[in-house]
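All remarks here apply to the structure that follows.
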Amino acid sequence: MINNSLWLKGIKTSALPSLKKDIETDILIIGGGITGISTAFYLKDSNLNVTLIDSDKIGFGATSKTTGKLTYLQDTLTKIKSVYGTEVTRKYIESQKYAIELIKTNVIEHNIKCNFESNNSYVFTNQNKDKKVIKDLDTILKKANTNHKKSFSLPIKYPCKLNVKVNDTAVFHPVKYVLTLKDICLKRGINIYERTKAIDIDKAEDGYIVKTVSNKIKARKVILACHYPFFIIPKLFPLKTHLEKSYVSAGVTDKNKMFNAISMKDVHSIRYYSDSKDYIIYAGLSKTLGQNMDNEKNYKDLIWHMKSNLTKDIKYYWFNYDVMTEDSLPIIGYYEKNNKNLLIGTGYNTWGMTNGTLAGKILSDLILEKENKYTKLFSPTRSLNIMKFINLTNSNIKSGFTYILSKIKTSYSFYPKNVKVEMRNGKRCGIYIDENGYEHVVSNICPHMKCRLVFNPVDKTWDCPCHGSRFNIDGKSIKGPSVFDISIKSTDN
Ligand SMILES: Cc1cc2nc3c(=O)[nH]c(=O)nc-3n(C[C@H](O)[C@H](O)[C@H](O)COP(=O)(O)OP(=O)(O)OC[C@H]3O[C@@H](n4cnc5c(N)ncnc54)[C@H](O)[C@@H]3O)c2cc1C
């Protein structure tokens, strides 16, 4: 079994250059996942000078670890309805259908080979007590005039008490899609730099100065497409969102059954994918990030579930997390009122293939001063209502608990014997002892918001339970939002 995403199998890309000098640009996009690349793509025909930077490789972030479904039948619909009512939910469904059409149009017009296929989507429950949620979903879909059906089973033998199904959705290979958009952007003169990390952003008179590790970029407008903003506490972002982590696995099956499904509660997500073999992909074990740190146990449970219900021939396993908002609507648009120079696309509540594409269209339309009928729906400065406030409070209590726990807890029951956390020279250190007895000593505190890091024995990394930053055993930052390393010089310990 391979501890990596199925979508990275056989993907070979030649590295793009990293930024080596100070530059000026009209538009700077920070992050080259589906959000950043889609935004660049929709700006490619403008006369603007557009630059995109990514701290790693284009398309290798959260986008490379999804299940690659393109559907409007999402588990978030009843949550949106509870916060905003039927009309907003109807409009959200319409926006997701529009996003699927945008992707389909790109695939056809540019002949993108990304295994795009039309597919039926199901939302189901495997619990009698949750049948009401499916009935509520049925009512929402009726009001949105969708062509859907209720039934009691899925096309495969899998626990299901009730479901609704639609047949105008799709699936694709997310990485092949994003990498083709990248190639089109490059041909159309978009400047793309990889291994170029933004570490700071300062307001200037006519835009922003963004610092990378070794250079400065002066930009009229900046688009934050980096999944989670890399700079600390922008407008209380950590209080408005939380991260949810899920585990994914792919195994060989006898036949692609051409459907995808997700359960309404306790996420069970299923889809198929075919290349030289037919695969079934399953995602589950979803929880708030801080409550979901024991990778070894979770992978064991994941594999057990796959083997008991779906396939015994498992090939790939990985995890992913996404930014969740308390009203279940994404955050897309101008980040602050009265500031047209800072834009953001994030908070997709695990539906970023459609919403990241939509963000690309909305953000580019804002920049090009074109009408877009979804701008208001996703505005980052939309107002608070009572349901949103209640959800926000509940989530902050949970996140606060994770934060406090991370401050108190020094070690976890799942730590192997060769890992310890202890004070050295007045600093709290995380220590990993390798097979040669060599100690790899790092700071145990995340530079982002000072949470204590948790060791991940599967990947041999130090992971932040609060906002998802990750570091290797020598302290190098491998995933944001932290932009700093946690290395300690050998003389310091
Ligand atoms: C288990 C799971 C399954 C999912 N399945 C689906 C699905 O089937 N369908 C669906 O619609 N959605 C799905 N999602 C949601 C989807 O994965 C995300 O919403 C989406 O990939 C987010 O895209 P992005 O472009 O915002 O982020 P990313 O793809 O993470 O891109 C952000 C980029 O920014 C770069 N970056 C970060 N910090 C910096 C910095 N400081 N400087 C420069 N660059 C930086 C990163 O390297 C990265 O490449 C799933 C999520 C999970 C957790």
Once fully extended, how much extra length lies between Lys265 and Lys476, figured as 0.36 nm per residue of separation less the alpha-carbon to alpha-carbon distance? 72.3 nm
So what is the relative contact order for the chain, in percent, with contacts set as C-alpha pairs under 8 Å and at least six apart? 17 percent
Could you tell me the calculated FRET efficiency between Asn4 and Asn147, based on Cβ-Cβ distance and R0 = 25 angstrom, to the nearest 0.05? 0.10
Run the quick spin-label model on Ile11 and Lys450: label points 7 Å from Cα toward the beta carbon, then report their separation in nm to one decimal. 3.7 nm
In whole angstrom, note down how far apart the Cα centers of region 447-490 and region 279-346 are. 19 Å
In the chain, helical segments from DSSP H whose Cα atoms cover 15 Å or more along their own axis and that average at least 0.0 on the Kyte-Doolittle scale are 174-187, 352-367, 386-408
Pairs of alpha carbons in region 391-430 whose separation is greater than 14 Å (percent): 61 percent
Counting other beta carbons within 10 Å of each Cβ, put Ser364, Ser411 in order, fewest first. Ser411, Ser364
For region 161-206 and region 368-406, compute the distance between their C-alpha centroids and round to whole Å. 23 Å
Region 419-492: relative contact order as a whole-number percent, Cα under 8 Å and 6+ apart: 22 percent
How high is the relative contact order of region 362-455, in percent, counting Cα pairs under 8 Å that sit 6 or more residues apart? 16 percent
Give me the dipole magnitude in Debye, nearest 20, for the chain about the Cα centre, with unit charges on the beta carbon: positive for Lys and Arg, negative for Asp and Glu. 960 debye
Would you mind calculating the gained length between Leu186 and Tyr158 on full extension (0.36 nm times residue separation, minus the Cα-Cα distance), in nm to one decimal? 5.6 nm
Please give, to one decimal in nm, the separation of the simple spin-label points placed at Asp275 and Asn338, each 7 Å out from Cα toward the Cβ. 5.2 nm
For the chain, what is the mean residue ellipticity at 222 nm derived from helices alone (per DSSP H run of n ≥ 4: -39500 (n - 2.57); sum divided by total residues; nearest 500 deg cm²/dmol)? -8500 deg cm²/dmol
In the chain, if the dipole is taken from +1 on Lys/Arg beta carbons and -1 on Asp/Glu beta carbons about the Cα centre, which of Thr125, Leu358, Ser286 is farthest to the positive end? Thr125
Working out 0.36 nm times the residue gap between Lys297 and Thr381, then minus their Cα-Cα distance, what length gain in nm do you get to one decimal? 26.3 nm
So for R0 = 30 Å, FRET eff. of Lys307-Glu439 from the Cβ-Cβ r, to 0.05, ends up at 0.20
Cβ-placed point charges (K, R +1; D, E -1), dipole of region 419-492 about Cα centre in debye, nearest 20: 320 debye
Taking N as the number of residues in the chain, the ratio of its alpha carbon radius of gyration to 2.2 N^0.38 Å works out to 0.95
Can you tell me the dipole magnitude for region 307-366 around its Cα centre, using point charges on the Cβ only (Lys, Arg +1; Asp, Glu -1), in Debye to the nearest 20? 260 debye
For the chain, which cysteines have no disulfide-compatible partner, meaning no other cysteine Cβ under 4.7 Å? Cys114, Cys160, Cys185, Cys226, Cys429
Sites matching trypsin sites (Lys or Arg not before Pro) across region 440-472 that sit in DSSP coil, with at most 14 neighbouring C-beta atoms within 10 Å: Lys450, Lys460
Anything over 23 Å Cα to Cα? Flag those among Lys79/Lys361; Lys81/Lys150; Lys265/Lys287, in the order listed. Lys79/Lys361
Given labels modelled 7 Å from the Cα in the Cβ direction, how far is it in nm from Leu405 to Glu422? 2.6 nm
Neighbour-count ranking [beta-carbon atoms within 10 angstrom, fewest first] of Ile445, Ile58: Ile445, Ile58
Relative exposure of Lys489, Lys131, judged by other C-beta atoms within 10 Å (fewest first): Lys489, Lys131
On the formula 1/(1 + (r/R0)^6), with r taken between the Cβ atoms of Lys287 and Glu101 and R0 of 41 Å, the FRET efficiency rounded to 0.05 is 0.80
Counting DSSP beta bridges in the chain, what percent are antiparallel, to the nearest 5? 75 percent
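Where a number appears in this text, it was derived from the coordinates with a stated rule and is not lab data. It should be emphasised that the depicted structure is a prediction, and the values quoted were computed from it without experimental measurement. Every residue, glycine as well, gets a Cβ built from its backbone with ideal geometry; the counts of neighbours run over all protein chains shown.
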